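The values are calculated or read from the model by the stated rules, or taken from the named source; none is laboratory data. Predicted model, so just to flag it, every value in this text is computed and none were measured. In this analysis, Cβ positions are derived from the backbone assuming ideal geometry, glycine residues included, and neighbour counts consider all displayed protein chains. With ligands, DNA and RNA removed, areas are computed over all heavy atoms of the protein, side chains included. Shrake-Rupley method; radii C 1.70, N 1.55, O 1.52, S 1.80 Å.
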Amino acid sequence: MGNNIANLYFKSKTISLMILAVAAIVCSRLLFLFFNDPEGPNPLIVAVAALVVYLLSWTAYTFGPLKINGFKRLFTAVCIQILLIVALYFGLK
């Protein structure tokens, strides 16, 4: 029974990290979509921005406050991504 619980936790953490990765890609793509560029966003720049956003949110998700668990921790990490993208938008504009 202990193995099932550990396996469930591992899958849950993997799914959470995949959600963070997808959210980072979407946020990064939206960031460069709002800039008025007739050629569109460069995929390499979008990928690098998504990687930076993901790493910062992963750090907050992994090393964040230990009292927050589950959905609240994931929601906090996604909110950090959104706030970072908003700050980058106003910083680069």
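Here are the criteria: (1) modelled with pLDDT under 85; (2) in contact with a helix residue (DSSP H, G or I) (Cβ under 6 Å, 6 or more places away or on another chain). Tell me which single one Leu84 does not satisfy.
All conditions are met except number (1).
From the residues in the stretch 53-72 that are touching a residue at least 24 places away in the same chain (Cβ under 8 Å) and open to solvent by less than 60 Å² (accessible area, probe 1.4 Å), which one is farthest from Lys13 (Cα to Cα)? Spell out the reasoning first.
First pass over the stretch 53-72, keeping only residues touching a residue at least 24 places away in the same chain (Cβ under 8 Å): 53-54, 56-58, 61.
Going one step further and asking which of them are open to solvent by less than 60 Å² (accessible area, probe 1.4 Å), we end up with 53-54, 57, 61.
Working: Val53: 18, Tyr54: 15, Ser57: 14, Tyr61: 10 Å.
Here the residue is Val53.
Which residues, taken from the stretch 80-93, are surrounded by 12 or more Cβ atoms within 10 Å (Cβ to Cβ) and in contact (Cβ under 8 Å) with a residue 12 or more places away in the chain?
Residues satisfying the conditions are Ile80, Gln81, Ile82, Leu84, Ile85, Leu88, Tyr89.
Would you mind stating whether Ala77 is touching a residue at least 40 places away in the same chain (Cβ under 8 Å) and open to solvent by less than 30 Å² (accessible area, probe 1.4 Å)? Spell out the reasoning first.
Details: touching a residue at least 40 places away in the same chain (Cβ under 8 Å): yes; open to solvent by less than 30 Å² (accessible area, probe 1.4 Å): yes.
For Ala77, the condition - touching a residue at least 40 places away in the same chain (Cβ under 8 Å) and open to solvent by less than 30 Å² (accessible area, probe 1.4 Å) - is met.
Filter the stretch 24-41 for residues that are open to solvent by 80 Å² or more (accessible area, probe 1.4 Å) and closer than 24 Å to Trp58 by Cα; which is modelled with the lowest pLDDT?
Out of the qualifying residues, it is Leu33.
Just give me the residues in the stretch 42-93 being polar (S, T, N, Q) and over 20 Å from Ile25 (Cβ atoms), in sequence order. Walk me through how you get there before you give the answer.
Initial filter on the stretch 42-93 (polar (S, T, N, Q)): 42, 57, 59, 62, 69, 76, 81.
Listed by number, the list holds a single entry, Asn69.
Restricting attention to the stretch 43-52, report how many residues are open to solvent by 60 Å² or more (accessible area, probe 1.4 Å) and under 17 Å from Lys93 (Cβ atoms).
Number of matching residues: 1.
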